[in-house]
There are 2 protein chains.
Amino acid sequence: MLTEFELIRRYFSFAAPGVALGVGDDAALLELSAGAQLVAATDMLVCDRHFSRGADPFKLGHKALAVNLSDMAAMGATPRWALIALALPQVEEAWLEAFSAGFIALARAHEVALVGGDTTRGPLNICVQILGEVPINMALRRDGAKTGDEIWVSGTLGEAALALAHTQSLLALDPGEAERCISALDMPTPRIALGKALRGIAHSAIDISDGLVADLGHILESSRLAAVIEFARLPTSPAMRRLLPNEAAIKALLAGGDDYELCFTAARSDHTRIAALGCELELVLTCIGWIEKGAGLTLLDTTGKPMPVEVTGFDHFR
Amino acid sequence: MLTEFELIRRYFSFAAPGVALGVGDDAALLELSAGAQLVAATDMLVCDRHFSRGADPFKLGHKALAVNLSDMAAMGATPRWALIALALPQVEEAWLEAFSAGFIALARAHEVALVGGDTTRGPLNICVQILGEVPINMALRRDGAKTGDEIWVSGTLGEAALALAHTQSLLALDPGEAERCISALDMPTPRIALGKALRGIAHSAIDISDGLVADLGHILESSRLAAVIEFARLPTSPAMRRLLPNEAAIKALLAGGDDYELCFTAARSDHTRIAALGCELELVLTCIGWIEKGAGLTLLDTTGKPMPVEVTGFDHFR
């Protein structure tokens, strides 16, 4: 049987720059760039809650890191280092090999070093900590939105939620649609390059992990402002357009979790600059509404009339 | 029902210096001291593995942070910030109140700010990440032991393991002994002040979480050296002395986990300085042996003869 140390060494060790001391001591020793603030977050994925028992371990390794990288993207931070704590019912080498391959492939793509961790027996639980850096006072926060800001989102919304609704038979996707949506759910792309490019441009930002309404709601609460969103401007995939105005599809679009796109606000005067940024990054950036004085979110239908917002974001304890 | 955000705000938010942005955004923004290296570690505690289902939540909150602080102590680091990811079967407010009180009491005592986290439903799992700092090149590592170094340990060894053996009826403690040993198991004291005081003195250090033999073994492996330990010099509590040479007591002394004392090596010429340090910190520091060329650990009995070392440290996957 592998010992804990062998397990970490065999599956999770790889060389990376910027690490004074990595896996194998009581803690890692890391060097922040001059003039940078440290950015730290953690996300825990639990079996039967965030993924099913039979989930593909390579994709799971990718997702465990991706959701943490997405937090760095939302802060405009450069991810640098990750730690991983794993509770495993048993040591299955094939599972670990595939899981670590998925994790490490994404880590390498973003030059993130795995510098520490912990392994133990227990119900399957994956807890990743991500550490990054951002030039002082350049982080994208939730509390910086300003009256008159435009509201933007990256990519398309609701595909991950459509995949989930499809697997739960709440709606039916074509095979091609299902493939694309399930891929969005299983292998989200953290918008690191966008987050970094938005430094000095976006006034506020968040990643959409709990659904647009809930996550934009966090920006509004933190910034103590209101927002107006035009439903028709929400960026949709072909599958979403085919299914709308199916109720489950509307819910996926407005309150679907696991998208990991960025929602951000910026001055109207930066509209062209942001549109150009989308072209540069080959990423669709869509202006979906604006920030106003007040509180709460108003959703306008195609005729300009307010729609009832009953759908709220996913909350793990509701 | 509490939402995730309310849960974090209600139980885990408290003001602390050195935090540019704490709980409530996608990530925390933190400022490292000038000339410092970042030190990062994580430890996961799983129900039925590291603690029993009915464990006192206040003590559990203390321990979840203490085991992480102990990693900082072992590096000679100053702990600064913690993040906590919690999987909970259900939200029990009384449990959370006591758990967070235990966690926060220890955090405050060490001026550690809780700056982020994640909560989700799932089998009870507590994953804490600790971030600290240490002046560049001053960290205590496992790989720095030198031939001729003396080997030291803080406190007494094996009390936590005696408590465990007592609850498993492998041996019998008196009520007074049981109380003291169970307290050592449930409420370990991280040796932060000692770790910091050993900067520039100790050549290597580790915290004893898996037992003396296993953890000193890590120093020997990393430093590619051997060690000799004199059994009679091992620092023991009255309970341990009463029970020796009971086999379970010997095992607790040599291979008992959860002590969270420091084991470190330093030049013989620093012997008096280290002894004085013990007085200053009101912490027993005991010289138990020395480092030699070679590999492996030799344990000498009272007659100076090598004892067989069959006992190995606790490994979570053995």
Over what distance in Å are the Cα centres of region B:27-68 and region A:272-308 separated? 40 Å
Mean separation of Cα contacts under 8 Å, 6 or more apart, over the residue count of region B:204-283: relative contact order %: 50 percent
Potential lengthening between B:Ala109 and B:Leu171 on full extension [0.36 nm per residue; Cα-Cα distance subtracted]: 18.9 nm
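Considering only DSSP beta bridges with both partners in the protein assembly as shown, what is the antiparallel share in %, to the nearest 5?
75 percent
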Find the cysteines in chain B that fail to meet the 4.7 Å Cβ criterion with every other cysteine, and list them. B:Cys47, B:Cys181, B:Cys263, B:Cys279, B:Cys287
Return the whole-Å distance between the Cα centroid of region A:220-235 and the Cα centroid of region A:87-135. 35 Å
If each residue of separation counts as 0.36 nm, what is the full-extension length gain between A:Ala275 and A:Glu179 once their alpha-carbon separation is subtracted? 31.7 nm
Averaged over the residues of A:71-79, the number of partner chain Cβ atoms within 10 Å of each residue's own Cβ comes to 3
If you take the square roots of the eigenvalues of the alpha-carbon gyration tensor of the protein assembly as shown and sort them as a ≥ b ≥ c, do you get rounded (a/c under 1.5), prolate (a/b over b/c) or oblate? prolate
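Given R₀ = 51 Å, FRET efficiency for B:Glu31-A:Glu247 by Cβ-Cβ distance, to 0.05?
Numbers: r = 47 Å, r/R0 = 0.93.
Computed FRET efficiency for B:Glu31 and A:Glu247: 0.60.
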Checking buried surface per residue: for region B:29-44, which residues lose a minimum of 10 Å² accessible area in the protein assembly relative to the chain alone (1.4 Å probe)? B:Leu29, B:Leu30, B:Glu31, B:Leu32, B:Gln37, B:Leu38, B:Val39, B:Ala40, B:Ala41, B:Thr42, B:Asp43, B:Met44
Summing -39500 (n - 2.57) over every DSSP H run of at least 4 in chain B, dividing by its residue total and rounding to the nearest 500, the 222 nm mean residue ellipticity is -10500 deg cm²/dmol
How far is A:Gly148 from itself in the other copies, in nm, if each label sits 7 Å out from Cα along the Cα-Cβ line, shortest first? 7.4
What FRET efficiency do you get for B:Asp301 and A:Asp143 if R0 is 60 Å and r is their Cβ-Cβ distance, rounded to the nearest 0.05? 0.40
Which entries in B:Lys196/B:Lys293; A:Lys196/A:Lys293; A:Lys63/B:Lys59; B:Lys251/B:Lys305; B:Lys63/B:Lys146; A:Lys251/A:Lys293 show an alpha-carbon gap greater than 24 Å? B:Lys196/B:Lys293; A:Lys196/A:Lys293; A:Lys63/B:Lys59; B:Lys63/B:Lys146; A:Lys251/A:Lys293
Any idea how far apart A:Arg53 and A:Glu93 come out in nm if each label point goes 7 Å out from Cα toward Cβ? 2.5 nm
Under the convention of a label 7 Å out along Cα→Cβ, give the distances in nm from B:Thr303 to the same position in every other copy, shortest first. 10.1
Percent antiparallel among DSSP beta bridges confined to chain B, rounded to 5, stands at 75 percent
The local net charge around B:Arg80, scoring Lys/Arg +1 and Asp/Glu -1 for residues other than B:Arg80 whose Cβ lies under 12 Å from its Cβ, equals -3
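In percent, how large is the relative contact order of chain B, given Cα pairs closer than 8 Å and 6 or more residues apart?
Details: 698 pairs, mean separation 70.4, N = 318.
Relative contact order for chain B comes out at 22 percent.
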Per-residue HN-Hα couplings for region B:146-155, Karplus 6.51 cos²θ - 1.76 cosθ + 1.60 at θ = phi - 60°, whole Hz, x for Gly and Pro? 10, 3, x, 4, 8, 10, 10, 10, 8, x
Determine the per residue accessible area of the protein assembly as shown with all protein chains present and a 1.4 angstrom probe, expressed in square angstrom. 39 Å²
If we hang a label 7 Å off Cα along the beta carbon direction at A:Glu280, how far is it from the matching labels on the other copies, in nm, shortest first? 5.4
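Under the definition of partner shielding as Cβ atoms of other protein chains within 10 Å of a residue Cβ, what is the mean value for peptide A:125-132?
Across the residues of A:125-132, the mean count of other-chain Cβ atoms within 10 Å is 6.
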For Cα pairs less than 8 Å apart in space and 6+ apart in sequence, what is the mean separation divided by the residue count of region A:45-142, i.e. the relative contact order in percent? 44 percent
For B:Ala193 and A:Arg268, FRET efficiency with R0 = 45 Å and r from the beta-carbon atoms, rounded to 0.05? 0.25
Could you report the buried accessible area between A and B, both sides summed, computed with a 1.4 Å probe and given in Å² to the nearest 100? 5300 Å²
With a 1.4 Å probe and every protein chain kept in, tell me what percent of the accessible surface of the protein assembly as shown is carbon plus sulfur. 52 percent
Of A:34-46, B:178-190, ordering from highest average Cβ density within 10 Å down gives A:34-46, B:178-190
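The values are calculated or read from the model by the stated rules, or taken from the named source; none is laboratory data. The shown structure was predicted, so the numbers you read here are calculated from the model rather than taken from an experiment. Counting neighbours? That spans all protein chains shown, and the Cβs are built from the backbone with ideal geometry, glycine included. Note: accessible area is taken over every heavy atom of the protein model, side chains too, but ligands, DNA and RNA are not part of it. Shrake-Rupley method; radii C 1.70, N 1.55, O 1.52, S 1.80 Å.
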